[in-house]
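Some notes on the structure that comes next.
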Amino acid sequence: MSTTTKSASPPGLQKPPGADPPPPPTSRTGWRRALRRDWQLYSLAVLPLLFFLVFRYLPMIGNVIAFRRFEPGGSIFGEQWVGLRYVEMFLSDPTFWQVFRNTLWLGGLTLVFCFPIPIVLALLLNEVRRRSLKRFVQSVSYLPHFLSIVIVAGITMQMLATEGPVNLVLGWFGHDPIRFIQEPEWFRTIYVGSEIWQTAGWGTILYLAALTTIDEDLYEAARIDGANRWQQTWHVTLPGIRPTMITLLILNVGTFLAVGFEKVLLLYNPLTYQTSDVISTYVYRTGVESNSFSYAAAIGLFEAVIGLVLITSANTLSRRTVGTSLW
Amino acid sequence: MVKPSPSYRVFQGVNGVILTLVVIVTLYPFVNIVARSFSGERQIRAGEVTLWPKGFNLTTYKIVFQDAMFWRNYGNTVLYTVVSTAVAMLLTTCYAYVLSKRHLKGRTALIGIAVFTMFFTGGLIPNYVLITTFGLKNSVWAIALPNAISVFNLLVMKAFFESLPTELEEAAQIDGLSTYGILLRIVLPLSKAVVATMVLFYTVSYWNSWFSAFLYMDRTDLMPVTVYLRNIIAGATTGGNAGATDAQLSQVGASIQAVTIVLTALPILCVYPFVQRYFVSGVMLGAVKG
C-alpha cells in the first residue's frame, strides 16, 4: 500500500524476469557479473520463487481448464479444448445472473458503508483530547479484527438468534421475534452489519496515522483566515487525508467482487440463497461440491478478470484525476 | 489554544456519546456470549440472558471438555499454526532480504512477481485441483505451503531491512562473512522487532484460518478447532460426541455454541492486550513504506 510519488518505492507491476533489464549491449555480461557476485543472494530467492511459481502462477495458468474439459484425476490442465463452451454455459445460466446480482449488491453495499465509516470514526477519535480515553476506544474497536471469521459468524448468529439480544430489543418495541438467519431479505443487512462491526475500528489506523502528519500551521493559518471548526475540517483535515482515502478506495474497488467469500459461506444457507449466494460461493458449490471443475473455473476466471480490470481502471482514473495511484 | 466555543463543547459531548456507543456495540456481543456460555439452557431459550449468566452452570463446559475430538482439534490448530508459521517465516525472511538489496540486478522483476499476485490470483478451482493433484490433501502442507508468503508481510519486512544501515553489512563483508552469514549473524539479530511482529502476524492468521482445512481435510480428526466450531454453528455436529448422552445434548443446544466460541476465542483474547500495538505499528510500516 503505497503511493508512487517517490521514485524510491518500486513500481507495482513488472514483466517477468528476463524481460526486465533495460537492454544495453552489455546486458548479458552484466547478468553474468551479477550472478557471479550475488549468487548467494539469488540462491536465497530460489525457494520463495518456487512458491510463487507453483502456488500462485501455476493456478493462474491452471485456469485454462475453463476452456478445456477437465476430468477429476486427469491432467490439471484438462484433456481437450472445448473453446468457450463453459463461458457460454454460465452466461446462459439463470443462477449465474442471480449470484452476479447478489455479488454486485453485497459488494456495493460494503463499499458504501465500510469505506466511509472508518473515516468518520477516525475524525471523531481525532477530536478526543484525553489520550487515555482515545487509546481505550481504539483498542476496543480493533478487537473484532483479530478474531477468526468463524468466531465472528458464530457471534453474529448468536446475536440474531430468536432469543438473542437483537430480538430482545425488538420485543421492547412490541415486535415479534424475527428469524434473521432464515430470512433472505435480512441477509444483506446482516452481512454488511457484521462487516462494519468487524472492520470499522481497524480501518481507522491508517487514517489516524495520516491525520498526525497534517501540518499544525495549516490549522493556524485557517483560523487566522476566520475558518470555524467545520471549515477547518473541510478545507484542511479532509484534503490532508485524501491520498490515504484514495489509496484505500482503489483497493476496495479492486476487491469489490471478491466479497467476503468465507463470511458468506459461514452465514448463508439454502433458505437465503436468493440474496446470499455470491459468485465465489457458487463457484465453490459447483466446483468442489458438485465436481464441475471446468465450469466453476470459467466463472472464477470471469470474476478474477473483472477484479483486475476494476482495480486497474480505478488506479488509472485516480492517477489521471488526482495524481495518487498504487503503481 | 483559544477557549473552546460553546458549540464545540456541545460537539465534544455528542462525540463522547457516539464513541461510548461504539465501545458498547463492540463489546456487548462478547459479554453476552460469555454470559450465555455459563447460563442454563432454559434461561437462554427464554431470552433472559443479557449481561450476566442466568441459571449459572458449568454443564456445557464439562461436555465440551470431555469431548476428545475438541482437544484433538485444538491440538491440530497448535500444530498447524507452528508448522505453517515456521515455513512462512523462512520463505518470507529470505525473499524480503533479497528484495531489500537495492543493487541487485533483476530486483524490480522479483518485486513485481510478488506484487502482481496481490491483484490477480488463480482462483479457488485451479488451486483446489493443484493441491489435490499434488496429493497434499489431509496433510498440514495443504495449509502451510499455499499460504507461505503473505505479500503484505513481505513488503513490511523488506522495508525494515532497507532501513538498516548498509555500513554494518559492508564491514561484515570485508571481514569475510558470506551473504548467509551476514543475514544470520548481523541482519537477523538487528531485526528482532520485525521478526517478532511477523511471527505474530502469521501466528494469528493461521490460528484463525479455517477454510484451507475445511477444503483440504476430509477427516474430522484432522480438523483445526475453527472447523470444529464451524461444524457446531452449521449444525453439522452437536459436539460432545464422546462424553455426552443425547438427553444431555438436547439440554445444551444453545449454550454449546457459546461455549465453543468462548474457548476458541480465548487464546486470542488473552494475548490481545499485549500484541495489539505490534499489529498497529506493523500495519503503519507496511502502509508508509510498501
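Taking the alpha-carbon centroid of each part, what is the distance from segment A:183-209 to segment B:165-222 in angstrom? Between the Cα centres of segment A:183-209 and segment B:165-222 lies a distance of 31 Å.
Here the Karplus curve 6.51 cos²θ - 1.76 cosθ + 1.60, taken at θ = phi - 60°, turns the phi angles of segment A:272-283 into couplings of 10, 3, 3, 10, 9, 6, 10, 3, 5, 6, 5, 4 Hz, with x standing for Gly and Pro. In the elastic network of chain B, a GNM with C-alpha springs shorter than 10 Å, the most mobile of B:218, B:175, B:67 is B:175.
Adding -39500 (n - 2.57) for every DSSP H run of four residues or longer, then dividing by how many residues the protein assembly as shown holds, sets the calculated 222 nm ellipticity at -20500 deg cm²/dmol.
Within the listed set A:314, A:298, A:221, the Gaussian network model of chain A (springs between alpha-carbon atoms below 10 Å) gives the highest mean-square fluctuation for A:221.
For segment A:287-327, the alpha carbon positions stretch 47, 11, 11 Å along the principal axes, listed from largest to smallest. In this Cβ point-charge picture (+1 for Lys and Arg, -1 for Asp and Glu), the protein assembly as shown has a dipole of about 1320 debye about its Cα centre. Sparse packing (at most 13 other Cβ atoms within 10 Å of the Cβ) combined with a DSSP loop state is found for none of the chymotrypsin sites (Phe, Trp or Tyr not before Pro) in segment A:76-122. For chain B, complete DSSP H runs whose alpha carbons reach 27 Å or more along their own long axis and whose mean Kyte-Doolittle score is -1.0 or higher are B:6-37, B:68-99, B:246-289. Under a 10 Å cutoff between Cα atoms, tell me which one of A:277, A:225, A:176 has the largest fluctuation in the Gaussian network model of chain A. Between A:277, A:225, A:176, it is A:225 that shows the largest mean-square fluctuation. Solvent-accessible area per residue in segment B:6-46 equals 51 Å², computed with a 1.4 angstrom probe and all protein chains kept. Mean partner shielding of peptide A:54-67, defined as the number of other chain Cβ atoms within 10 Å of each residue Cβ, is 6. State which helices in chain A qualify, where a helix is a whole DSSP H run, it must extend 24 Å or more along its own axis by its Cα atoms, and its mean Kyte-Doolittle hydropathy must be at least -1.0. Span-like helices, by this rule, are A:94-114, A:187-212, A:293-321. Local charge for residue B:12 was computed over the other residues whose Cβ lies under 11 Å away, with Lys and Arg +1 and Asp and Glu -1, and equals +3. When trypsin sites (Lys or Arg not before Pro) are flagged only if DSSP places them in a loop and at most 13 other Cβ atoms lie within 10 Å, the longest unflagged stretch of chain A comes out as A:180-327.
A viscosity of 0.692 mPa s and a temperature of 37 °C, combined with the Kirkwood radius over Cα pairs in Stokes-Einstein, give a translational diffusion coefficient for chain B of 144 µm²/s.
Shape class for segment B:72-169: oblate, because the ratio a/c of the largest to smallest gyration tensor axis (alpha-carbon atoms, square roots of eigenvalues) is 1.5 or more and b/c is at least a/b.
Per residue, the convex hull spanned by the Cα atoms of the protein assembly as shown amounts to 192 cubic angstrom.
The values are calculated or read from the model by the stated rules, or taken from the named source; none is laboratory data. Just so we're clear, the structure is a prediction, and the values are computed from it rather than from any experiment. Using ideal geometry, Cβ is built from the backbone for each residue, glycine included, and neighbour counts are taken over all protein chains shown. Accessible surface areas use protein heavy atoms only, side chains included; no ligands, DNA or RNA. Shrake-Rupley method; radii C 1.70, N 1.55, O 1.52, S 1.80 Å.
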